[in-house]
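See below for the structure under consideration.
The values are calculated or read from the model by the stated rules, or taken from the named source; none is laboratory data. Model, not experiment: these values are computed from the prediction. Cβ sites come from the backbone with ideal geometry, for glycine too, and all protein chains shown count toward neighbours.
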Amino acid sequence: MPSLHIDETNVRSVLVPQNPPGEPITEYTLNPYSGCGMGCAYCYVMKFPFAYEYPKAWGEWVQPKMNAPFLLGKARAKIYGRKIFMGSATDPYQYIERKYRLSRRCLKVLVDCNLKALTVHTRSHLILDDLDLLTQFGSRLRVGFSVPTNDDRVRKRTEPKAPKIGVRLKAMKQLRETGIHVTASLAPVLYCQPREFAQQIAEAADGVYFGKMDYTDRTGIASMPKARRYFNSLTYRELITELKAELINVGMLKSEK
């Protein structure tokens, strides 16, 4: 497995404004790192120019944004009372966070910004390191936890450098026990055991975000012929239908009828 290339950098801006129609889920995205050491084969971020133009393959490089907490501090007035999404194009709790603590330092700034809402998206148990800060946001905080399968064999093939599925589910439960709202992100859904998976999600999360695999270009899946055929197959469509039904049965999704 290639070693991780770490390229410390300073950036001009750490906040990206979002202007979706209607009531926005977030008004600014915040990514303390560029690139990601998790290297998930299906990651949509690989399609962005900054990712595919980088000289190393996705998952083999990370750029810690060394001045991210400073820039965020300077932007306090701009984001006061706003909605922030942390982790839209990287995992804020990838393993090098233990060295750089950029996500933690950004949270320390955000605590004083009276945010209307904060969403943190990850697939890592390292988020538990920051429970002392996260709990200060109270009901304004949502944690989205990526868990696209309950089959660790699939995780080893598509997310070999990401935490085991059991570790993620345990972390989700720990977050809930402290009163934090946890949404399980099943996006994209990979191969799984639908009935067991739905029950595990019901035990670990307050809500679920559900999405099928509908993109493969410029991702690691493009170099996995068997996987590409599977995601375009009737078998995969039947899995999606079955998993939806099981999630409805356990009360995690509403019936479309």
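So that you can scan it fast, the table gives a plain yes or no per residue for (1) out of contact with any Phe, Trp or Tyr (no Cβ under 9 Å at 6 or more places or on another chain); (2) closer than 19 Å to LEU15 by Cβ:
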position: ILE96; (1), (2): no, no
position: SER103; (1), (2): no, yes
position: LEU110; (1), (2): no, yes
position: LYS116; (1), (2): yes, yes
position: ARG123; (1), (2): no, no
position: ILE127; (1), (2): no, no
position: ASP132; (1), (2): yes, no
position: ARG153; (1), (2): no, no
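Is it the case that ASP214 is in contact with a Lys or Arg (Cβ under 7 Å, 6 or more places away or on another chain), in contact (Cβ under 8 Å) with a residue 24 or more places away in the chain and either under 23 Å from THR241 (Cβ atoms) or of a type outside the set (A, V, I, L, M) (or both)?
For ASP214, the condition - in contact with a Lys or Arg (Cβ under 7 Å, 6 or more places away or on another chain), in contact (Cβ under 8 Å) with a residue 24 or more places away in the chain and either under 23 Å from THR241 (Cβ atoms) or of a type outside the set (A, V, I, L, M) (or both) - is not met.
For the condition within 22 Å of TYR236 (Cα to Cα), at pLDDT 95 or above and surrounded by fewer than 21 Cβ atoms within 10 Å (Cβ to Cβ), what is the one hit in ASP206, ASP151?
Step by step, each of ASP206, ASP151 is checked, and only ASP151 is within 22 Å of TYR236 (Cα to Cα), at pLDDT 95 or above and surrounded by fewer than 21 Cβ atoms within 10 Å (Cβ to Cβ).
Just need a number here: residues in the stretch 224-257 that are farther than 23 Å from TYR42 by Cα, among the β-branched types (Val, Ile, Thr) and assigned to a helix (DSSP H, G or I).
Total satisfying the criteria: 1.
Which pairs turn up if I take residues in the stretch 32-55 that are in contact (Cβ under 8 Å) with a residue 60 or more places away in the chain and more than 22 Å from TYR191 (Cβ to Cβ) and look for partners that are polar (S, T, N, Q) and not in a loop (DSSP other than H, G, I, E, B) with beta carbon separation below 6 Å, at least 6 apart in sequence or on another chain?
PRO32/SER103
Output the residues belonging to the stretch 81-93 that are under 10 Å from the mean Cα position of the chain (by Cα) and either outside any strand (DSSP E or B) or modelled with pLDDT under 95 (or both).
Selection gives GLY87, SER88, ALA89, THR90, ASP91, PRO92, TYR93.
Consider the stretch 94-112. How many of its residues are under 18 Å from the mean Cα position of the chain (by Cα) and assigned to a helix (DSSP H, G or I)?
7
I'm trying to understand the selection: among the residues of the stretch 43-57, which are over 25 Å from ILE84 (Cβ atoms) and outside any helix (DSSP H, G or I)?
The initial filter retains those residues of the stretch 43-57 that are over 25 Å from ILE84 (Cβ atoms), namely 52-57.
Listed by number, the residues that qualify are GLU53, TYR54, PRO55, LYS56, ALA57.
Output the residues belonging to the stretch 98-144 that are free of Cβ contacts under 8 Å to residues at least 60 places away in the same chain, in contact with a Gly (Cβ under 8 Å, 6 or more places away or on another chain), under 28 Å from LYS164 (Cα atoms) and crowded, with 19+ Cβ neighbours inside 10 Å.
Matches in the stretch 98-144: VAL120, THR122.
If I ask for residues that are of a type in the set (Gly, Ala, Ser) and buried (at least 18 other Cβ atoms within 10 Å of the Cβ), which ones from the stretch 10-65 would you list?
SER34, GLY35, GLY37, GLY39, ALA41, ALA51, GLY59
Which residue out of LEU190, LEU234, LEU175, LEU243 is surrounded by 19 or more Cβ atoms within 10 Å (Cβ to Cβ), over 19 Å from the mean Cα position of the chain (by Cα) and of a type outside the set (D, E, K, R)? Explain how you work it out, then say what you get.
On the way: LEU190 fails: over 19 Å from the mean Cα position of the chain (by Cα); LEU234 fails: surrounded by 19 or more Cβ atoms within 10 Å (Cβ to Cβ); LEU175 fails: over 19 Å from the mean Cα position of the chain (by Cα).
Result of the check over LEU190, LEU234, LEU175, LEU243: LEU243.
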